[in-house]
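The values are calculated or read from the model by the stated rules, or taken from the named source; none is laboratory data. Here the structure is a predicted model, which is why all the values come from computation and not from measurement. Using ideal geometry, Cβ is built from the backbone for each residue, glycine included, and neighbour counts are taken over all protein chains shown.
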């Protein structure tokens with residue numbers, strides 16, 4: 001039966017009366033049935049998981065389980081000048097090739113390992129049942145903490161305070177609301193140097209934009225948003241996080 005115009009007029013989807021039909025209206029509609037958003041799928045993340053001899057803390061954000069720290073797998077360490085298409089790993093400010101010495105540094109303890117994108121996608125950085133976070137995984141996490149849907153696929157800084165929510169509250173200027181504790185571990189540059197410690201952290205996604213450039217994220221001291229772009233070459237060293245399949 002097709003409803004009459006009178007019946008159609010009985011329901012106003014703008015339940016929040018803000019002039020926009022969106023997520024706020026969905027939350028209100030679900031509340032009428034004693035439901036909340038996101039709907040509980042029964043997902044429960046373990047508190048930690050051990051992989052390649054390192055125990056990683058795990059946090060749940062929305063319907064995802066994430067590593068609570070950067071990947072630390074270091075089968076070999078390269079000089080920061082190793083800028084090519086072979087897999088390379090770096091430890092911030094370490095200019096040698098001795099794995100044990102690199103792992104003994106404060107930078108390794110604080111930040112983990114910088115990988116070029118080839119190592120990030122080719123090495124076994126994540127345990128079984130997990131994978132390196134993709135651009136879409138980041139979208140899901142960012143949406144769960146409040147980045148608006150229309151902003152998700154844009155470039156540049158997005159959201160309002162979501163970067164602040166994800167940054168560490170002890171060594172950086174964040175609130176660490178979700179236990180992700182991103183730290184300002186810098187990056188490597190195409191000129192073969194390290195930089196930006198204390199200012200930014202560069203994080204790869206496993207999603208290619210083009211042959212030369214993947215999608216990545218950046219957190220920065222001077223912004224509370226989450227930066228997304230595809231303008232950093234695969235040869236640069238950035239950090240990585242695993243997310244459960």
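Structure notes:
- The conditions of being in contact (Cβ under 8 Å) with a residue 60 or more places away in the chain and either assigned to a helix (DSSP H, G or I) or surrounded by 19 or more Cβ atoms within 10 Å (Cβ to Cβ) (or both) are met by residue 137.
- Test set (1) exposed (fewer than 15 other Cβ atoms within 10 Å of the Cβ); (2) modelled with pLDDT of 95 or more - residue 222 fails condition number: (2)
- Residue match in the range 79-95 (condition: outside any loop (DSSP other than H, G, I, E, B) and either in contact with a helix residue (DSSP H, G or I) (Cβ under 8 Å, 6 or more places away or on another chain) or within 20 Å of residue 189 (Cβ to Cβ) (or both)): yes
- Matching residues, the range 217-229, being in a loop (DSSP other than H, G, I, E, B) and either at positive phi or out of contact with any helix residue (DSSP H, G or I) (no Cβ under 9 Å at 6 or more places or on another chain) (or both): 221, 222
- Among residues that are in contact with a strand residue (DSSP E or B) (Cβ under 6 Å, 6 or more places away or on another chain), surrounded by fewer than 22 Cβ atoms within 10 Å (Cβ to Cβ) and touching a residue at least 24 places away in the same chain (Cβ under 8 Å), residue 177 is not included.
- Looking only at residues in the range 157-171 that are farther than 15 Å from residue 217 by Cα and free of Cβ contacts under 8 Å to residues at least 60 places away in the same chain, the one that is surrounded by the fewest Cβ atoms within 10 Å (Cβ to Cβ) is 170.
- Qualifying residue in the range 56-63 (condition: in the same structural domain as residue 232 (by TED's automatic domain parsing), outside any strand (DSSP E or B), more than 18 Å from residue 181 (Cβ to Cβ) and at pLDDT 95 or above): yes
- Within the range 230-245, restricting attention to residues that are in contact with a strand residue (DSSP E or B) (Cβ under 7 Å, 6 or more places away or on another chain) and either in a loop (DSSP other than H, G, I, E, B) or free of Cβ contacts under 8 Å to residues at least 60 places away in the same chain (or both), the residue that is surrounded by the fewest Cβ atoms within 10 Å (Cβ to Cβ) is 245.
- Counting the residues of the range 180-198 that are surrounded by fewer than 14 Cβ atoms within 10 Å (Cβ to Cβ) and touching a residue at least 12 places away in the same chain (Cβ under 8 Å) gives 4.
- The set of residues in the range 152-163 that are within 12 Å of residue 227 (Cβ to Cβ) and part of a helix (DSSP H, G or I) comprises 162, 163.
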